[in-house]
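Visitor: Please read through the structure below; I'll follow up with questions.
The values are calculated or read from the model by the stated rules, or taken from the named source; none is laboratory data. Nothing here was measured: the structure is a model prediction, and the numbers come from that model. We place every Cβ from the backbone using ideal geometry, glycine too, and count neighbours over all the protein chains shown.
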Amino acid sequence: MQSVPYLGHTIRQWQIGRSTFLAWPEAGARLMHWHHTRVDGTIREVIHWPELSDLAETPIAKVRGGNPILFPFSARTFDRGDIHFWRGRDDQRRPMPMHGFARQGDFTVDQIDAKGFRATLQPSAEDQANFPFSYEFCVAYRFEAQRLTCEFALTNRDQQPIPWCSGHHFYFTAPWTEGHSRDDYQITLPPAKAVRQSPQGTLFPGPNPPRTTPLSDPNLVDTIHTELASNPVRFGPADGSEYVDVSVGADRHPAPGMAMVTWTADPTAPYYCVEPWMGPPNAIEHGQGLRWVAPGETDRFSVSVAIG
C-alpha cells in the first residue's frame, strides 16, 4: 500500500498480484478504481473512475464512479408519499438525502495495511439530527489478486433499536474490451422477483428479464431484483471469456430480503451499475430488507466482487 497525490489530496493505492486498487478512505470510504493487468499485458478496467480536473467543481460524493457507500438507507426514502423523508418509531418525520449521507461523509481510518483498510463514519451535526442515534458505522475493504470484499458493521451504542437498510453503488466498467458494446455482454441473474419503485415510494411489479439477457436490455435499467435464489450475479462478454461476479455474504443463498439493482445513466455511459443492497429502496416504510440493531449489538452486511 502506498499514498499517492490526487488533485491536491492524498489517496491510497494497493498493488496485489496483477490488480491495482485506488481508494480514498477518509472521503466517504470511497473505493475509486480497480484495474487488472491480463497475462498478455493489456489492462482490464473493472471499476470505472472518470477523468477529473477539479474536485471543487465535482465533489467526490457526486462522481459517477467507484463505489459510493449507501447508509443508512439506499436510494429514495419516503414518508407517506413525500420524497427524501423518513419516519421512525417515534413518529417523527425527518429529512434523508438520496442514498443517505455516508457517501458524502467524513471517515477516520482505524486500520490500514497491505491488504485493505477499515474506516469509521464521523456524522455531521446535520447527519446526527436526521438520524438521531448513538452508533458506530464502519466500512472495511479487503483486497485480493482477483477479488475484493467489503463489510459494513453497524454497532448500536444507543438505548433503542436502530433501523438500517444499506447498500453499494458499484460503477463497473462495461464494456471493458475495446471494440465491444453492451450488445456483446450479458448478465445472468438467479431466479428472482423484479420490482420497481413508484413516484410515491411504493414497490410495484417490474419487467422480468430473462435469467440471461444482454446488458443492453432496457428492461434492466432501474429494476430491483429481490428474493434472489442464489449467489452470484454474473456479467461479462457473452462468449464467457471474462466475467464479474457480485455476491452477497458467504452463503450460496443471499438473505431473503436483499436486493440487486441494475442501472445505468444512458446507453452510452462507460459504466454499468450492479448494486447489492440489504433490501429494496424505502425499506423503512415497506419493511422488506429492513434490519433493526438492538442496543449493544452489531449487525454486518458483506459483499464480494470477483473477476475471472
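Visitor: Take the conditions within 21 Å of the chain's Cα centre (by Cα) and among the basic types (Lys, Arg) and apply them to Arg142. Does it pass? Can you show your working first?
Guide: Values: within 21 Å of the chain's Cα centre (by Cα): yes; among the basic types (Lys, Arg): yes.
Here the answer is yes, as Arg142 does meet what is asked.
Visitor: Related question: Got a sec? Which strands (runs of 3 or more DSSP E) wholly within segment 83-194 have at least 1 residues that are within 29 Å of Thr20 (Cα to Cα) and touching a Pro at 6+ places or on another chain (Cβ under 7 Å)?
Guide: Working: elements: 85-87, 93-95, 106-113, 116-122, 135-144, 147-156, 162-164, 171-173, 185-188.
Fully inside segment 83-194 and qualifying: 106-113, 116-122, 171-173, 185-188.
Visitor: Let me ask something else. Condition check: closer than 24 Å to Ala75 by Cβ, modelled with pLDDT of 95 or more and surrounded by fewer than 14 Cβ atoms within 10 Å (Cβ to Cβ). Does Ser166 satisfy that?
Guide: Taking the combined requirement at face value, the residue does not satisfy it.
Visitor: Quick check on Ala75: is it in a loop (DSSP other than H, G, I, E, B), in contact (Cβ under 8 Å) with a residue 40 or more places away in the chain and crowded, with 19+ Cβ neighbours inside 10 Å?
Guide: yes
Let's see how each residue does on (1) over 23 Å from Trp34 (Cβ atoms); (2) crowded, with 21+ Cβ neighbours inside 10 Å; (3) under 17 Å from the mean Cα position of the chain (by Cα); (4) at pLDDT below 95:
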| site | (1), (2), (3), (4) |
| --- | --- |
| Gly201 | yes, yes, no, yes |
| Ser230 | yes, no, no, yes |
| Val233 | no, yes, yes, no |
| Asp251 | yes, no, no, yes |
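Visitor: While we're here: Go through the residues of segment 71-89 one by one and say whether even a single one is closer than 28 Å to Glu178 by Cα, at pLDDT 95 or above and of a type outside the set (Phe, Trp, Tyr).
Guide: For segment 71-89, residues closer than 28 Å to Glu178 by Cα, at pLDDT 95 or above and of a type outside the set (Phe, Trp, Tyr): absent.
Residue-wise test of (1) polar (S, T, N, Q); (2) farther than 26 Å from Glu297 by Cβ; (3) modelled with pLDDT of 95 or more.
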{"site": "Ser124", "(1), (2), (3)": "yes, no, yes"}
{"site": "Glu136", "(1), (2), (3)": "no, no, yes"}
{"site": "Ala153", "(1), (2), (3)": "no, no, yes"}
{"site": "Gln159", "(1), (2), (3)": "yes, no, yes"}
{"site": "Phe172", "(1), (2), (3)": "no, yes, yes"}
{"site": "Glu178", "(1), (2), (3)": "no, yes, no"}
{"site": "Ser181", "(1), (2), (3)": "yes, yes, no"}
{"site": "Asp184", "(1), (2), (3)": "no, yes, yes"}
{"site": "Asn208", "(1), (2), (3)": "yes, yes, no"}
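Visitor: Kindly establish whether Val39 is of a type in the set (Val, Ile, Thr) and surrounded by 18 or more Cβ atoms within 10 Å (Cβ to Cβ).
Guide: Answer is no for this residue.
Visitor: I would also like to ask the following. Looking only at segment 86-107, decide whether some residue is of a type in the set (A, V, I, L, M, F, W, C) and closer than 28 Å to His36 by Cα.
Guide: For segment 86-107, residues of a type in the set (A, V, I, L, M, F, W, C) and closer than 28 Å to His36 by Cα: present.
Visitor: Of the residues Gly249, Gly179, Gly206, Gly236, which is under 26 Å from Trp292 (Cα atoms) and not charged (D, E, K, R)?
Guide: Working: Gly179 fails: under 26 Å from Trp292 (Cα atoms); Gly206 fails: under 26 Å from Trp292 (Cα atoms); Gly236 fails: under 26 Å from Trp292 (Cα atoms).
After applying the criteria, what remains is Gly249.
Visitor: Return yes or no: is Arg300 surrounded by fewer than 18 Cβ atoms within 10 Å (Cβ to Cβ) and either modelled with pLDDT of 95 or more or under 30 Å from Arg38 (Cβ atoms) (or both)?
Guide: When the stated conditions are applied, Arg300 passes them.
Visitor: Further question on the same structure: Could you list, in sequence order, all residues of segment 284-308 that are closer than 21 Å to Glu227 by Cβ and of a type in the set (Asp, Glu)?
Guide: Glu285, Asp299
Visitor: Could you tell me whether any residue of segment 277-291 is surrounded by fewer than 17 Cβ atoms within 10 Å (Cβ to Cβ), under 23 Å from Ala174 (Cα atoms) and either aromatic (Phe, Trp, Tyr) or in contact with a strand residue (DSSP E or B) (Cβ under 7 Å, 6 or more places away or on another chain) (or both)?
Guide: No, the conditions are met nowhere in segment 277-291.
Visitor: Same structure again: Given the criteria surrounded by fewer than 21 Cβ atoms within 10 Å (Cβ to Cβ), at positive phi and touching a residue at least 60 places away in the same chain (Cβ under 8 Å), does Gly17 qualify?
Guide: yes
Visitor: Name the single residue that is farthest from Val274 (Cα to Cα) among those in segment 197-220 being touching a residue at least 24 places away in the same chain (Cβ under 8 Å) and of a type in the set (Gly, Ala, Ser).
Guide: That would be Gly201.
Visitor: Right, another one. Evaluate segment 48-66: report whether one residue or more is at pLDDT 95 or above and not in a loop (DSSP other than H, G, I, E, B).
Guide: no
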